[in-house]
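Engineer: Got a structure here, written out as structure tokens. Questions coming.
The values are calculated or read from the model by the stated rules, or taken from the named source; none is laboratory data. Because the structure is predicted, anything quoted here is derived from the model rather than measured. Glycine also receives a Cβ, built like all others from the backbone with ideal geometry; neighbour counts cover every protein chain displayed. Surface areas here come from the heavy atoms of the whole protein model, side chains and all, with no ligands, DNA or RNA. Shrake-Rupley method; radii C 1.70, N 1.55, O 1.52, S 1.80 Å.
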Amino acid sequence: KIYTEDGKEYIYEKLCLCAGAKPKLIVEGNPFVLGIRDTDSAQAFQKNLAQAERIVVVGNGGIALELVYEIQGCEVIWAIKDKAIGNTFFDAGAAEFLLPKLTAESQESPIECKRTKYTVEGSEEKGRPPGASDKLGSALGPDWHEGLHLKGTKEFSHKVHIEILCEVKKILLQQEFIQLQQTSLTFPKGEKNVEADEVLWPVYVELTNGKIYGCNFIVSATGVVPNVEPFLDGNNFAVGEDGGLKVDKHMHTSLPDVFAAGDICTAAWEPSPVWHQMRLWTQARQMGWYAAKCMAAEALGESIDMDFSFELFAHITKFFNYKVVVLGKYNAQGLGSEHELMLRCTKGHEYVKVVMQNGRMMGAVLIGETDLEETFENLILNQMDLSAYGEDLLNPDIDIEDYFD
């Protein structure tokens with residue numbers, strides 16, 4: 001049985017837990033620190049941004065990357081603990097390729113990234129207050145910021161300053177900052193940032209590099225933690241190292257008839273050599289779909305094979321108005337030093353990186369309209385020995401598909 005907070009109980013034959021994950025906030029309970037994870041928090045962010053002149057974004061994953069590019073009319077201080085932006089998805093070379101787009105004064109019109117979209121229709125609740133959001137607080141899907149008006153109070157479009165190799169040391173409210181008689185910095189104009197800020201801000205961020213910036217609020221985009229809390233009390237779930245409910249290759253948890261899918265779970269089966277779990281919307285959708293099939297098969301006493309989507313890690317998204325495709329062990333995850341990289345880069349147009357091991361393609365990063373994703377997907381899955389092709393593998397004058405028909 002399941003017991004809900006309002007005292008109701010539900011009997012089930014099969015149960016699937018899909019409660020997702022929560023933002024891993026740098027500090028809990030501070031009204032000036034916002035996480036962005038679902039449609040409700042995205043709306044709250046838009047509302048706060050409309051009144052803001054400067055914000056600090058902390059984190060270096062997908063949401064941080066999307067935010068810093070989309071925000072207009074507001075100074076953005078972006079604090080990252082890595083040497084280069086987008087560490088979750090890219091190496092330093094790809095980060096270097098993307099940076100000019102971030103510092104460009106104006107944005108081009110957005111490229112289309114065709115993906116499945118899910119909407120909720122006919123779910124308007126009666127008696128909701130006028131002007132209440134009709135969003136139900138569901139997880140953010142791809143292109144979550146479309147339809148939001150991400151603009152602050154200023155007239156310029158883009159102003160982003162990146163502080164690398166640093167984390168948040170302390171968050172100070174205005175009164176605390178005044179009492180400490182500290183100095184905060186203005187938004188940097190050149191390479192050196194030493195000017196003291198005359199403005200009084202609602203909140204201040206002290207970074208581990210010693211710099212202090214005032215801002216209207218802070219966005220914490222430092223990853224997520226599986227939302228397992230409501231289910232652990234009184235239940236003996238096996239939990240993975242990353243805090244998710246462990247699931248086997250048929251999405252079973254350690255409790256009978258209880259399955260889990262998406263960000264709440266930890267894949268505890270022996271994965272394919274070119275697949276790994278990441279808490280991304282695309283993967284959560286695949287897991288949910290597969291978990292439903294597993295539950296139905298078990299109820300009918302049928303056997304079921306592992307779904308094809310777990311053969312190869314593949315994710316498509318859009319960063320800084322470039323199409324981005326990541327495949328397999330795209331950052332050589334877990335390959336140690338026994339691998340080599342091949343690169344092709346045309347400034348402002350495309351960036352192609354291939355991860356090779358023993359002559360076989362293990363992963364790839366494709367930025368821009370490369371038209372290579374299907375070919376590379378097949379080469380990674382087939383694990384064909386490509387040693388003979390050498391550098392020609394990335395030669396733009398050779399149609400690589402001709403080799404492999």
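Engineer: Express the accessible area of the stretch 321-403 per residue in Å², computed with a 1.4 Å probe while the remaining protein chains stay in the model.
Structural biologist: Result: 48 Å² per residue.
Engineer: Using the Kirkwood formula on the Cα atoms of the stretch 246-405, what hydrodynamic radius do you get, in angstrom to one decimal?
Structural biologist: Computed over Cα pairs of the stretch 246-405, the Kirkwood hydrodynamic radius comes out at 17.3 Å.
Engineer: Something else about it: Where does each of GLU198, GLU340, GLU5, GLU377 land when they are ordered by accessible area, with a 1.4 Å probe and the largest first?
Structural biologist: Output order, biggest surface exposure first: GLU5, GLU198, GLU340, GLU377.
Engineer: Follow-up. Let's test the formula: R0 of 25 Å, r as the Cβ-Cβ distance of ASN87 and GLN46. What FRET efficiency results, to the nearest 0.05?
Structural biologist: Values: r = 26 Å, r/R0 = 1.06.
That gives a FRET efficiency of 0.40.
Engineer: Something else about it: If packing is taken as the average number of other Cβ atoms within 10 Å across a peptide's residues, how do 72-84, 293-305 rank, most packed first?
Structural biologist: The packing order, highest mean first, is 72-84, 293-305.
Engineer: Follow-up question, since we're still on this one. What figure in square angstrom, to the nearest 10, would you give for the accessible area of LEU25 with a 1.4 Å probe?
Structural biologist: Here the accessible area works out near 50 Å².
Engineer: If you take every DSSP beta bridge fully contained in the chain, what fraction is antiparallel? Give it as a percent rounded to 5.
Structural biologist: Values: 43 of 67 bridges.
The answer is about 65 percent antiparallel.
Engineer: Within 10 Å of each candidate Cβ there may be at most 12 other Cβ atoms; applying that plus a DSSP loop requirement, which trypsin sites (Lys or Arg not before Pro) in the stretch 8-64 survive?
Structural biologist: Filter output for the stretch 8-64: LYS8.
Engineer: Using the alpha carbons of the stretch 195-326, what is the convex hull volume per residue in cubic angstrom, as a whole number?
Structural biologist: Cα-based convex hull of the stretch 195-326, divided per residue, equals 187 Å³.
Engineer: Please list, in chain and number order, the residues 5+ apart from GLU75 or on another chain whose amide H is under 5 Å from its amide H, with Hs placed from the backbone.
Structural biologist: The list, which skips near neighbours in sequence, is ARG54, ILE55.
Engineer: Determine the sum of side-chain charges near LYS249: Lys and Arg each +1, Asp and Glu each -1, restricted to other residues whose C-beta is under 15 angstrom from that of LYS249.
Structural biologist: So the surrounding residues net to -4.
Engineer: Quick one: length gained pulling GLU241 to GLU391 fully straight, 0.36 nm per residue minus the C-alpha distance? Don't skip to the end; give the middle numbers.
Structural biologist: On the way: separation 150, 0.36 × 150 = 54.00 nm, distance 3.98 nm.
Net length gain for the segment: 50.0 nm.
Engineer: Same structure, new question: Could you sort out which of LYS170/LYS211; LYS24/LYS151; LYS1/LYS22 sit more than 21 Å apart by Cα distance in this structure? Don't jump to the answer; show the numbers that get you there.
Structural biologist: On the way: LYS170/LYS211 11 Å; LYS24/LYS151 25 Å; LYS1/LYS22 25 Å.
Going by Cα-Cα distance, LYS24/LYS151; LYS1/LYS22 fall outside the 21 Å limit.
Engineer: Let me check I've understood the local charge: for ILE367, count other residues with C-beta under 14 angstrom from its C-beta, Lys and Arg +1, Asp and Glu -1. What total comes out?
Structural biologist: Values: positive: LYS101, LYS318, LYS323, ARG344, LYS347, LYS353; negative: ASP91, GLU96, GLU350, GLU369, ASP371, GLU373.
Within the 14 Å Cβ shell, the charges total 0.
Engineer: Using a cut-off of 17 Å between alpha-carbon atoms, which lysines can reach LYS329, once sequence neighbours fewer than 8 places away in the same chain are excluded?
Structural biologist: LYS353
Engineer: Full-extension gain between ALA292 and GLU53, please, as 0.36 nm times their residue separation minus the C-alpha to C-alpha distance. Numbers along the way, then the final one.
Structural biologist: Working: separation 239, 0.36 × 239 = 86.04 nm, distance 4.62 nm.
Going from the current span to full extension adds 81.4 nm.
Engineer: When N counts the residues of the chain, how does its alpha-carbon radius of gyration compare numerically with 2.2 N^0.38 Å, as a ratio?
Structural biologist: Values: Rg = 23.4 Å, N = 405, 2.2 N^0.38 = 21.5 Å.
So the chain has a normalised radius of gyration of 1.09.
Engineer: Still on this model: Say the dipole of the chain comes from +1 at the beta carbon of Lys and Arg and -1 at that of Asp and Glu; which of LEU335, GLN175, GLN277 then lies farthest toward its positive end?
Structural biologist: The residue sitting farthest along the positive end of the dipole is GLN175.
Engineer: Please report, to one decimal in angstroms, the Kirkwood hydrodynamic radius of the stretch 321-403 built from all distinct Cα-Cα pairs. Write down the numbers at each step before the final one.
Structural biologist: Numbers: mean 1/r = 0.0776 Å⁻¹.
Computed over Cα pairs of the stretch 321-403, the Kirkwood hydrodynamic radius comes out at 12.9 Å.
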